[in-house]
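This report refers to the structure that appears directly beneath it.
Just so you know, all these numbers are worked out from the coordinates, no wet-lab data involved. All values reported here derive from a predicted model rather than from experimental measurement. Quick reminder, even Gly has a Cβ in these numbers, built from the backbone with ideal geometry, and neighbours come from all protein chains shown.
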């Protein structure tokens, strides 16, 4: 049995904490665009778990696979990404942009690099599908809908093939994988909303 030891630096933990708070704020702004600061105390713990897990599982999947391949890997925020993510947390902003940072890795193998990029959106697709299946059994539980929708949205956004997003890395590595993944993400998003 292969055991993988996950290593975190204090700096990485700080960066993950800051980014997680901002991503959670963006998620909460999606839940109800009329949310104001005084309403945040009424948010259920289920929504907080959804937003935190959608972000952390995605980023930690990148980190785990990169470390499995023998690479150094740590999450780092970037100033521009933090600022844009913070602005996206404002409920009246219609388009939400979540990119407070990324897992920085040291891999030169193109195939492994592509797979590390692939694993993040894949985790969100799996989580979205799981919430969607649960939602089909009980369509009246709102947090299941939000979990399915939020994870599908994060997968789609990360699959855009430009900039530092995962989609660019996946597209450069394997266009068929990218097309298949984007089709699955879009299809799931449409099914959730129908």
> How much length, in nm to one decimal, is gained on full extension between residue 179 and residue 9, taken as 0.36 nm per residue of separation minus their Cα-Cα distance?
Replying inline: 57.7 nm
> Would you list 137, 143 from fewest to most Cβ contacts within 10 Å?
Replying inline: 137, 143
>> Give me the base-10 log of I(q)/I(0) for the range 50-145 at each q in 0.22, 0.23 Å⁻¹, Debye formula, one uniform scatterer per Cα, rounded to two decimals.
In response: -1.11, -1.14
>> Relative contact order for the chain: what percent, with Cα pairs under 8 Å and sequence separation of 6 or more?
In response: 21 percent
> Nearest 0.05, what FRET efficiency do residue 186 and residue 104 give at R0 = 22 Å with Cβ-Cβ as r?
Replying inline: 0.15
>> So if I take the alpha carbon set of the chain, get Rg, then get Rh from the Kirkwood formula, what is the Rg over Rh ratio?
In response: 0.96
